[in-house]
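Everything on this sheet refers to the single structure shown next.
The values are calculated or read from the model by the stated rules, or taken from the named source; none is laboratory data. Please read all numbers here as calculations on a predicted model, not as lab measurements. Because the Cβ atoms are built from the backbone with ideal geometry, glycine has one as well, and the counts that use them run over all protein chains shown. The protein model used for the area step is the full one, side chains on, heavy atoms only, and it has no ligands, DNA or RNA in it. Shrake-Rupley method; radii C 1.70, N 1.55, O 1.52, S 1.80 Å.
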Amino acid sequence: MRNHILILLLSCVTFACSNDPKDLKSFYKWINDPDNGLVKSRDVEGIKISVKYLPAEFLALKESNESNLKGSYDSLYTLYKQNHTFLLSVSYTDNKDINDPMYKNLRDYPEYKARAQAMNFDMNEYVSIKTSSNEYRPVLTSMENTYSLKGQRNIYLVFADESLKKELQNEKELDFVFDDVIFQTGVNHFVFQRSDLAPFKQ
């Protein structure tokens, strides 16, 4: 009887009692749970701005699954763990339909073109991460092309830190700043704790 209990306890420690997400569905659930500290949001004048941290493990697992390349996870994880990847999302606060926030308060096509230009190519001018001593701009930005089929605009932002101090990897707090001159919501701060960004192991 004691042996059965011991085996059960060991199994629980190894599998069932682990909080580590083992698949994409579990990862999505974990990342999107505000209690885990990986997603922050605020509402300003009818616009909802959300910032989500995407762990290297999640990105590697997602890409290896999509590419269906066996054994690619480790190499992808090694690549992604060198950087920090965030997802900036903009939608209407009361988003009951698929209204595209890209068109908010626009008067004509030239204004739409200017906004599209800013969100596609100029986000490094409006977004940064501040630490206790430095400010970092994204080295890569990419807006997801939704063709206005859903009421949210998503922008991926990748930050790299090549300094000797590796502040982005070691700082206790990272202040994600979105100086929103696009939708005129002001300067938005989203503070992420280092303890929350420590990813689960796969």
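Taking a virtual spin label 7 Å from the Cα of K130 along the C-beta vector, which residues in the stretch 154-189 bring their backbone nitrogen under 11 Å of it? Residues 175-179, 187-189 fall inside that zone. Would you mind telling me the share, in percent, of accessible area of the stretch 117-167 contributed by carbon and sulfur at probe 1.4 angstrom? The C+S portion of the solvent-accessible surface of the stretch 117-167 is 49 percent. Accessible area ranking (1.4 Å probe, heavy atoms, ligands and nucleic acids excluded), largest first, for D43, D100: D43, D100.
Accessible surface area normalised per residue over the stretch 37-110 is 56 Å², counting heavy atoms of protein chains with a 1.4 Å rolling probe.
The Kirkwood radius of the stretch 76-202, taken over pairs of alpha-carbon atoms, gives through the Stokes-Einstein law at 37 °C and 0.692 mPa s a diffusion coefficient of 204 µm² s⁻¹.
In order along the stretch 31-37, the Karplus-derived 3J(HN,Hα) couplings, from 6.51 cos²θ - 1.76 cosθ + 1.60 at θ = phi - 60°, round to 4, 7, 7, x, 5, 8, x Hz, and Gly and Pro are given as x. On a per residue basis, the stretch 111-202 carries 54 Å² of accessible surface, using protein heavy atoms and a 1.4 Å probe.
Give the ranking of Y136, Y92, Y109, Y156 by solvent-accessible surface, highest area first, calculated with a 1.4 Å probe. Each step should come with its number before you reach the end.
Values: Y136 30, Y92 55, Y109 155, Y156 85 Å².
Heavy-atom accessible area, descending, gives Y109, Y156, Y92, Y136.
Taking E63, E162 and ordering them by how much accessible surface each has at a 1.4 Å probe, largest first, produces E162, E63.
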